[in-house]
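Working notes, beginning with the structure itself.
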Amino acid sequence: NGVENAKRVAAFTAANNFVQNGYVIGVGSGSTIEYAVERIAERVEAENLKVTCVPTSFQARELILKYKLSLSDLDRHSKLDVAIDGADEVDEQFTLIKGGGGCLTQEKIVAAAAKKFVVIADFRKKSTNLGENWKKGIPIEVVPMAILQIQNKIKEKYGGICTIRLAKSKAGPVITDNGMMIVDWQFDKSHNWSEVHQFIKLIPGVVETGIFFNMADIVIYGTENGQSDIKA
Ligand code: DER
């Protein structure tokens, strides 16, 4: 269908144009990245490329192993050549909302360790302002015992609603790869996202926010008619 094809086109464009022999690649999380890993593995096979992959989640690690790519970590590679990852929403300044898949913390660590951060997104993610298309709010990874403090401080400062992300196939909250919980903050107006990120990040108990400000170098959109649109 249109969305899956758009994901695939964006992912393949990233794998074809931003991966070179010898690269150390940060591998994102979610569904779009699966197409990128599939294409990277195809290229490794066809072109006899040597690449190393650093995961951003348990899911990403499983994906790397599934495609028999060489798995590494940030202890062995302090600087990555490129990180490729999806996003839940992208605004015109390339500010991202990430964390729909609950992996935002390791995704941000890996993206920050890369010389180049390439975002792959289908057309649904493209917005003028954050909140236009993504309605589930900004994911925030938190230490469970601080949840009420965090919810109160955000509500006091910015309003909106902060809800604990509940699991689908487990009673109670989602537990992240880092053993933490997630609150999703549904904001009700546009904000200075850099300021919001800094304010929330400083609340004791906040591990990371899903606001990726000034991080994306390249955004590749998969369009409805199956084209890819590379923006730098
Ligand atoms: O949770 C995340 O940050 C993922 O990267 C997400 O934003 C993209 O997931 P998708 O490719 O399944 O839409």
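The values are calculated or read from the model by the stated rules, or taken from the named source; none is laboratory data. Quick caveat, the model's predicted, so the values are computed rather than measured. Note: ideal-geometry Cβ built from the backbone for every residue, glycine included; neighbour counts use all protein chains shown. All accessible areas refer to the heavy atoms of the entire protein, side chains included, with ligands and DNA or RNA removed. Shrake-Rupley method; radii C 1.70, N 1.55, O 1.52, S 1.80 Å.
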It is to be established whether one or more residues within the stretch 55-68 are assigned to a loop (DSSP other than H, G, I, E, B), more than 30 Å from residue 190 (Cα to Cα) and open to solvent by 10 Å² or more (accessible area, probe 1.4 Å).
yes
If we scan the stretch 101-112, do we find a residue that is among the small types (Gly, Ala, Ser), touching an Asp or Glu at 6+ places or on another chain (Cβ under 6 Å), touching a residue at least 40 places away in the same chain (Cβ under 8 Å) and within 13 Å of the ligand (Cβ to nearest atom)?
no
Evaluation of residue 78 against (1) out of contact with any strand residue (DSSP E or B) (no Cβ under 8 Å at 6 or more places or on another chain); (2) of a type in the set (Gly, Ala, Ser); (3) near the ligand (Cβ under 9 Å from one of its atoms) (one fails), failing number
(3)
Those strands (runs of 3 or more DSSP E) lying entirely in the stretch 155-210 with at least 3 residues of a type outside the set (Lys, Arg) and more than 18 Å from residue 96 (Cβ to Cβ)
161-164
Any idea which of 84, 161, 138 is under 18 Å from residue 221 (Cβ atoms) and either buried (at least 23 other Cβ atoms within 10 Å of the Cβ) or touching a strand residue (DSSP E or B) at 6+ places or on another chain (Cβ under 8 Å) (or both)?
84
